[in-house]
1. Please go through segment 52-77 and give me each residue that is among the acidic types (Asp, Glu) and either within 10 Å of the chain's Cα centre (by Cα) or surrounded by 19 or more Cβ atoms within 10 Å (Cβ to Cβ) (or both), ordered by number.
2. Could you check segment 16-51 and list, in sequence order, the residues that are surrounded by fewer than 18 Cβ atoms within 10 Å (Cβ to Cβ), more than 11 Å from the chain's Cα centre (by Cα) and at pLDDT 80 or above?
3. May I ask you to verify whether THR121 is under 19 Å from the mean Cα position of the chain (by Cα) and polar (S, T, N, Q)?
4. Filter segment 90-117 down to the residues that are aromatic (Phe, Trp, Tyr) and either out of contact with any helix residue (DSSP H, G or I) (no Cβ under 9 Å at 6 or more places or on another chain) or modelled with pLDDT of 90 or more (or both) and list them by number.
5. All but one of (1) out of contact with any strand residue (DSSP E or B) (no Cβ under 7 Å at 6 or more places or on another chain); (2) assigned to a strand (DSSP E or B) hold for SER95; state the number of the condition that does not hold.
Amino acid sequence: MIRPYAFAALSLILLLGTALQGLRPAAAAAGEVRVVYLFSPASPVQVARLTQLQRRADSAGNVDLTAVSRTNPVPQGIRAIYAARFLEDFTIDASTRRWVSQRLRQGDDALRVHRPDAIYTSDKTTIERTAVYAGMALVATDIDFSTWGKVKDLFR
């Protein structure tokens, strides 16, 4: 008599475990977050923002950052691709190419973040706010760096 109930209970536990396992967030794989930053190398503020984005992408490890320069040639020391070349690359999705093309007509820099769950753009807000919403906060304090350094040292 107990055996059928035990089998049913075990089956229920296995089904619940399988269902709940799918609810846990998966670890981020490399390239899961794609960031496109359109900027002008002539603007020191925009170059500084690019540097922050590159540091953030390098430390995250799961972020593919593409810096798109409005001008050609791209100055030495700046890792970026010229906008016309970017728009000719058909391995990049059409919506991103269209977005960059539309922003080229404007003079400001622009940010687009593709996450698995959503796409964030700086179209109606600031780049800093967009970065925060997308989980790519640009402003890091000395406390952030020292704390992260201590955590990394602890796991070495």
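The values are calculated or read from the model by the stated rules, or taken from the named source; none is laboratory data. Everything numeric in this text was worked out from a predicted model, so none of it was measured. When we count neighbours, we look across all protein chains shown, and the Cβ atoms used for this are built from the backbone with ideal geometry, even at glycine.
1. ASP64
2. Correct list: SER40, ALA42, SER43, PRO44, VAL45, ALA48, THR51.
3. Considered against the rule, which asks whether it is under 19 Å from the mean Cα position of the chain (by Cα) and polar (S, T, N, Q), THR121 comes out as yes.
4. TRP99
5. Every listed condition holds for SER95 apart from (2).
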